[in-house]
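The values are calculated or read from the model by the stated rules, or taken from the named source; none is laboratory data. All of these numbers come straight from a predicted model, not from anything done at the bench. When we count neighbours, we look across all protein chains shown, and the Cβ atoms used for this are built from the backbone with ideal geometry, even at glycine. SASA here: full protein model, heavy atoms, side chains in, ligands and nucleic acids out. Shrake-Rupley method; radii C 1.70, N 1.55, O 1.52, S 1.80 Å.
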Amino acid sequence: MVAMASAVVVAGTVTGMMSALDDGRGGDEARPDVTGTPFLQPLPAVPTPSPSATSGSPSPSASAAKAEPSPKPSKSASTRPRTEPASVRLYRHSDSQVLDWIRANPDDPRRPVIESRIADRPAAVWFADYTPSNITARVRAVTSAGAAKGGVPVVVPYAIPDRDCGGASQGGAPDLGAYGGWIERFAAGLGSREVVVILEPDAIAQSDCLSEGERTARFSALARAGRVLKAANPKARVYFDAGHSDWNSPQKQAGLLRRAGAASTASSDGIFSNVSNFNRTGDEVAYVRRTLDALGGPASLGAVIDTSRNGNGAPADGEWCDPAGRKLGQAPTLGTGEARIDAYLWVKLPGESDGCRGTPGTFTPDYAYDLAR
């Protein structure tokens, strides 16, 4: 498969499993599209806000990176199992497009399959708009609800300037100084319980469009963001963008990650891969282990993998936009049983269109049903 950037495509605002948009309601949902590999798959799209909160996930976006062969499994010694997380139960946010559809269509024949296999599964909550005034309250609404239910929320800050290299998910903070203030307010809502933070999809893997000076400044801002998040909540587990196995080589990606502070436990718990993409879990496991080996840093660093739509792997023709024949991947879990693999997560919400079977970032029941059955 040709490499593609794994960015979040924005359709008005960026998306995520539950992307918090500023509509004056203070709620948090997401409606993103898919994220792709540099050539074949476009960046995730931002979903359209729903009446209450906005939930969604990104779509693949095409990038000009050169395709890299899928890495073989690493046989390095740094694959000892990590300590079991404090909780192995992920939190399912109650405000999402798929749940809106379930509530509005009680008699639809597709409903039982979509409800049991998608709507009942925990997914990430994206914060894709730049709204400093209420970001703290919106993040706190998600993390406090997770704490009340005894689950671990997964949140996605997605507001870095020049995100998606000006593609479909363009947007974010006006500059890095403003972004730094936004991240501080975001961190203030994390609470004191365990929470997983997927920090800025594509911000590292898809940075070739920036000048060297701009790239250095972005990486410095990401390193600072990691430190701010972990200082605000020491139980927050922060993961940095590793792209995916069909994008940069493990060595190249590790070099970029190191510059962004991902090798330091002061800012990082490890890396994430395959956001909004379709690559098989085995390929991603091999890739992130090789990337972690090349990254260096303490053995405690791990990885999380987006398995939301990778049950059948990536299409042979490289199609990224709602490709036919895809299936759900492993259910979200914090207990993978795999060394250095901290979680399988649904960062991209299954059923949210990349823009071919529905409006980018919106829940499309036919697509969801095909993925789930």
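General observations
- For W126, distant residues with modelled amide H under 5 Å away: G16, M17, M18, S19, A20, A30, G56, V156
- Environment charge at V113 (Cβ cut-off 13 Å; Lys +1, Arg +1, Asp -1, Glu -1): +1
- Protein accessible area in the range 173-312, 1.4 Å probe - carbon and sulfur %: 51 percent
- Evaluating 6.51 cos²θ - 1.76 cosθ + 1.60 at θ = phi - 60° for every residue in the range 112-120, the Karplus couplings come out as x, 5, 5, 5, 6, 9, 10, 4, 7 Hz, glycine and proline recorded as x.
- Note on the range 251-320: the alpha carbon radius of gyration divided by the globular reference 2.2 N^0.38 Å gives 1.19.
- Neighbourhood net charge (12 Å Cβ-Cβ; Lys/Arg +1, Asp/Glu -1) for G171: -2
- Protection proxy ranking for 213-220, 345-352, using the average of other Cβ atoms within 10 Å per residue and placing the highest first: 345-352, 213-220.
- All Cα pairs of the range 97-256, percent lying beyond 18 Å: 63 percent
- Three-way shape label, the range 141-203, alpha-carbon gyration tensor, a/c 1.5: prolate
- Cross-link pairs exceeding 28 Å between alpha carbons, from the set K149/K348; K235/K348; K230/K327: K230/K327.
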